[in-house]
Amino acid sequence: MFDYDSGDNVSIRVNERFYFIFVLSGYHFFVRDNETPVYCLEKDTTEEKLGEMLKLALSQCRIIDPYENSDFFDRKRIDEDYKEWVGDVLIKCKFKSIKSLFLNMMSCSIKRINGNIILQPSLHKKLKDWTRDGYSDDDDIILPDTVTNTELGKAIKEVLSRCRSVI
């Protein structure tokens, strides 16, 4: 595999009660890394803790070559992993249904690359689907990767406030 800097990638989702922080690994194409936990924080967590957990998640991202580890990118494995996460969250967080978990959930993508952390809002298009439709780079928040945990936590909350929903 040649030297490729894809950055470190994380997805954060938030609903009325919790933040969920997903470590994404891969190579050009990134999926949830099933060798790392999905971090779950209560909605009233401090900005410092939110920033700290994001930095932890970013430190766990991996470059995975699809030619060396095709199982990691197997669609069936990805789907099963996602269903398992949803099932666990429904039970542990006491959601009554999948709809109650996802209905008001916002999502942002975060990438650390070239000394910066880039936070991108998204559009909640379907119950379990988010896109960048209607957003431009001007909607992103870019910070140096030396930012404090508290400043990073504030930026996470700000970028999530820029997210919209059409469902």
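Bear in mind that the values in this text are calculations on the coordinates, not laboratory data. None of the values given here were measured: they were computed from a predicted structure. All Cβ positions, even for glycine, are placed from backbone atoms using ideal geometry, and neighbour counts span all protein chains on display.
Need the list of aspartates and glutamates near LYS76 for cross-linking: C-alpha distance under 13 angstrom, and skip anything on the same chain fewer than eight residues off.
GLU84
Can you return the lysines within cross-link range of LYS49? Criterion is Cα-Cα under 30 Å, with same-chain partners fewer than 8 residues away left out.
Filter leaves LYS83, LYS92, LYS94, LYS96, LYS99, LYS111, LYS125, LYS126, LYS128, LYS154, LYS157.
Which net charge results when you count Lys and Arg as +1 and Asp and Glu as -1 among the other residues whose beta-carbon is under 10 Å from that of GLU151?
-1
Over segment 7-88, consider all pairs of different Cα atoms and compute the Kirkwood hydrodynamic radius from their mean reciprocal separation; express it in Å, one decimal.
Kirkwood radius, segment 7-88: 13.4 Å.
Applying a 10 Å radius around every beta-carbon, put 133-143, 114-124, 40-50 in order of their mean neighbour count, most first.
Output ranking for 133-143, 114-124, 40-50: 114-124, 40-50, 133-143.
When the helices in the chain are scored as -39500 (n - 2.57) per DSSP H run of 4 or longer and the sum is shared across all residues, what 222 nm value do you end up with, to the nearest 500 deg cm²/dmol?
Estimated from H runs of four or more residues: -9000 deg cm²/dmol.
What does the charge count near SER59 come to, summing +1 for each Lys or Arg and -1 for each Asp or Glu among other residues with Cβ under 13 Å from its Cβ?
Values: positive: LYS55, ARG62, ARG112; negative: ASP8, ASP33, GLU52, ASP145.
Local net charge: -1.
Indicate the gyration tensor shape class of segment 8-165 (rounded, prolate or oblate), computed on the Cα atoms with a ≥ b ≥ c the square roots of the eigenvalues: a/c under 1.5 is rounded; otherwise a/b larger than b/c is prolate and the rest oblate.
Rounded.
May I ask for the net charge around SER109, where only other residues with Cβ less than 13 Å from the Cβ of SER109 are counted and Lys, Arg are +1 while Asp, Glu are -1?
My count for the surroundings of SER109 gives +2.
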